[in-house]
Amino acid sequence: MGAPSRLAITRGVPRSFAMATVRVRPAEPIQVERAIAEHDAYVAALRSLGLEVVQIPPDERHPDCCFVEDCAVVHGGVALVGRHGERTRRGEETPVLEVLANHVRVESVKAPATLEGGDCLRIGSRLYVGHGQRTNSAGIARARAVFGPIGLEVIEVPMAGILHLKCVCSYLGGGKLLLARGTIAPSKLGDVDAIIVDRDETHAANCVAIGDVVLAPRDAPVTRRAVENAGFRVLPLDTTEIRKADGSLTCLSILL
Ligand code: CIR
């Protein structure tokens, strides 16, 4: 299923997480203690799979700071540190950049370009980048300029009504892609074997694959069976509170 990552960067959930940016206010308020417990379980799961986890302390000024994925996209010894499309999140990237710089060459995105890591999906030698609310054309051009020379073809994916590209899809390895029904046409994401996720389990289109183990939301039994049938072992995690803030599993780490 491809070489598993060895290092994960994560960032703790701040107390201010109750004020995270949301598209629609959740029916029940975010319970921060529970969100912290969900995050702790996620970090423990990564460690149980042999990853070294570098955990950046939370910053109360940034309610969404645990969603580190959005700060950067990393491939081939290069990190492109983005510029958030969501203004309230600008500044989250500074400590993430500092950690990345210990491991890889760091490049940046300058205004007016915006790019968030949650819009970037790598499948082999292609980097699909969602063009939507958070990532603009200039951000995609910057990704092409940085990753093109090291062999990644950058492909723009137009999106409407989708927060981040990876809200609706995630790559498991071995040619298998999870993709939420009714969102993006599978053909837009190349020659992959798409496992279509039912509408009532859309949140489970975002999973994290570490080798042949898949971290998946625990309340998605149909998707779980489909992933297991595709040859993976599923490690179920509670994502209830994280989801209230429009978060999902890939958002909680940067894998190197
Ligand atoms: C936001 O709106 O930016 C956060 N509340 C959620 C970010 C989730 N990140 C992701 O899907 N990659």
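Points to keep in mind about this one:
- Verdict on Pro112 being away from the ligand (no atom under 16 Å from the Cβ), loosely packed, with under 14 Cβ neighbours inside 10 Å, of a type outside the set (D, E, K, R) and within 21 Å of Leu163 (Cβ to Cβ): yes
- Restricting attention to the stretch 44-90, the residues being under 27 Å from Tyr128 (Cβ atoms), more than 15 Å from the ligand (Cβ to nearest atom) and not in a strand (DSSP E or B) number 6.
- You will find that of Leu256, Leu215, Leu235, the residue that is within 16 Å of the ligand (Cβ to nearest atom), touching a residue at least 40 places away in the same chain (Cβ under 8 Å) and either among the aliphatic types (A, V, I, L, M) or farther than 18 Å from Leu177 by Cα (or both) is Leu215 and no other.
- Residue in the stretch 69-78 that is of a type in the set (A, V, I, L, M) and surrounded by fewer than 16 Cβ atoms within 10 Å (Cβ to Cβ) present: no
- Within the stretch 96-107, one or more residues are among the aliphatic types (A, V, I, L, M), farther than 17 Å from Val146 by Cα and outside any loop (DSSP other than H, G, I, E, B).
- Checked against the criterion of being buried (at least 22 other Cβ atoms within 10 Å of the Cβ), under 14 Å from the mean Cα position of the chain (by Cα) and among the β-branched types (Val, Ile, Thr), the stretch 88-96 contains not a single residue that satisfies it.
- Every pair of residues 6+ apart whose Cβ atoms lie under 8 Å, when the first sits in the stretch 110-125 and is touching a residue at least 12 places away in the same chain (Cβ under 8 Å) while the second is among the acidic types (Asp, Glu) and within 12 Å of the ligand (Cβ to nearest atom): Glu116/Asp70; Glu116/Glu86; Gly117/Glu69; Gly117/Asp70; Gly118/Glu69; Gly118/Asp70
- Restricting the stretch 142-173 to residues that are in contact (Cβ under 8 Å) with a residue 24 or more places away in the chain and surrounded by fewer than 16 Cβ atoms within 10 Å (Cβ to Cβ), the residue that is farthest from Val81 (Cα to Cα): Ala160
- Candidates Arg11, Arg6, filtered to the one that is within 16 Å of the ligand (Cβ to nearest atom) and of a type in the set (Lys, Arg): Arg11
- Some residue of the stretch 194-205 being crowded, with 22+ Cβ neighbours inside 10 Å, touching a Cys at 6+ places or on another chain (Cβ under 9 Å), closer than 21 Å to Ala8 by Cα and touching a residue at least 60 places away in the same chain (Cβ under 8 Å): no
- Scan of the stretch 124-139 for residues that are assigned to a helix (DSSP H, G or I) and closer than 17 Å to Ala79 by Cβ, ordered by number: Gly139
- Test: residue in the stretch 101-108 that is crowded, with 19+ Cβ neighbours inside 10 Å and on the phi < 0 side of the Ramachandran plot: no
Read the figures in this text as sums done on the coordinates, not as results from a lab. These numbers come from a predicted model, not from an experiment. Virtual Cβ from ideal backbone geometry, glycine too; neighbours counted across all protein chains shown.
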